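Structure record follows, encoded as structure tokens.
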Amino acid sequence: MILYLVLPCYNEEEVLPETAKRLKEKMETLEEAGKISKESRVVFVNDGSKDRTWEIIESLHERDKLFRGICLSRNRGHQNALLAGLMTVREECDAVISMDADLQDDIGAVDEMVDRYLEGYEVVYGVRSSRKKDTFFKRSTAQFFYRFMKMMGVEVVYNHADYRLMSSRALEALSHFEEVNLFLRGLVPLVGFKSTTVTYERGERFAGKSKYPLRKMLSFAFEGITSMSVKPIRWITILGLLVFTASIGILIYSIIRYAMGQTIPGWTFLAVSIWALGGIQLLAVGVIGEYIGKIYLETKKRPKYIVSAYLK
Ligand code: UDP
Ligand code: MG
């Protein structure tokens, strides 16, 4: 079985040499155990890094043919970089495992993923057994994210990031999902095929800083929800209906009061309703606008990434 590892890298010069060393050892033991063939490769995708990441990938490739590099024309973000890697290599191998360049995802789980593949599973999700090593903030926001996604009706595997094995057949199927607003975690379950999970302990970054600051995390979560679910729009419709029903009730109530000759100036009530309704309407327009923006981007069918070099 030909196994490829795909790792998106953005400004990872501090971790790459160590990552390469660890992955080489891993690939060698897998090969010795007869689980993977010697055509297996490790592919680094340079996502428009501003540091020496690409130079390091080039020199790794020169010294050792185990390593390959894909260079994107510019920074396109983790999801696009990962997809670029998967789509570029999918026809050259039997299965691909995607992971982060910082090896926070324990590479010990690779063995088990390969075993599952050999047993006939086409998608193997890496699932974190605990989040002890994460900061309290990251842990709680992530937990909230998964709960919220579920509430929004998006099918995601709990505590699964982008550490997974996919067979080339599953990748071929994934290539037909042509959406521009990419949220791989939500798409892979839609691809289907026989799938299973493998648990692992998530470690700390051994060098370098996280490339996912709060701003990127929030926009990723928002992207995930709006690209996978139309529930927010539905909720707004329901909210609109409720508010409308309430206003009819209030109308009836005021007519009765008027008939009874008990009308009061009621300025407060009016002012509050105007503001409340105005707010709800703005919110509704905003969410609807968000989806229209998505449609706008999808209709343009822009390429999600542009490969400028493939070292093989
Ligand atoms: N990454 C990328 N493009 C970006 C940001 C991040 O390819 O614009 C890569 C990064 O190099 C790493 C992976 O995505 O391999 C996950 O990033 P990071 O470890 O910083 O995120 P965290 O583990 O903190 O969520
Ligand atoms: Mg990380």
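Values in this text are rule-based calculations from the coordinates and carry no lab data. Everything numeric in this text was worked out from a predicted model, so none of it was measured. In this analysis, Cβ positions are derived from the backbone assuming ideal geometry, glycine residues included, and neighbour counts consider all displayed protein chains.
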Cα-based Debye curve of the chain sampled at q = 0.14, 0.15 Å⁻¹ gives log₁₀ I(q)/I(0) of -1.08, -1.23
To the nearest 0.05, the calculated FRET efficiency linking VAL285 and PHE144 through their beta-carbon distance, R0 being 22 Å, is 0.30
Rounded to one decimal in nm, the spacing of the 7 Å Cα→Cβ label points at THR29 and ASP111 is 0.5
With Cα coordinates, the longest principal axis of the chain makes an angle with the long axis of helix 231-259, in degrees rounded to 10, of 10
Computed from the beta carbon distance with a Förster radius of 41 Å, FRET efficiency for PHE137 and SER273 to the nearest 0.05 stands at 0.60
Inverse of <1/r> over all distinct C-alpha pairs of the range 160-234, i.e. the Kirkwood Rh in Å, gives 14.8
Taking Rh as the Kirkwood radius computed over alpha-carbon pairs of the range 30-165 and applying Stokes-Einstein at 25 °C with viscosity 0.890 mPa s, one gets a diffusion coefficient in µm² s⁻¹ of 145
A student asked for the Cα radius of gyration and Dmax of the range 253-312 in angstrom ought to give 25.7, 87
For the range 100-180, the Cα-Cα pair-distance distribution in 10 Å bins from 0, as whole percents, is 15, 38, 36, 10
Here FRET efficiency (C-beta to C-beta, SER130 to LYS194, R₀ 22 Å, nearest 0.05) is 0.25
Computed, not fitted: 222 nm per-residue ellipticity of the chain from DSSP H runs ≥ 4 (each -39500 (n - 2.57)), nearest 500, equal to -17000 deg cm²/dmol
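Once fully extended, how much extra length lies between VAL243 and ARG215, figured as 0.36 nm per residue of separation less the alpha-carbon to alpha-carbon distance?
6.8 nm
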quick note, the chain, DSSP beta bridge pairs, % antiparallel (nearest 5) is 40
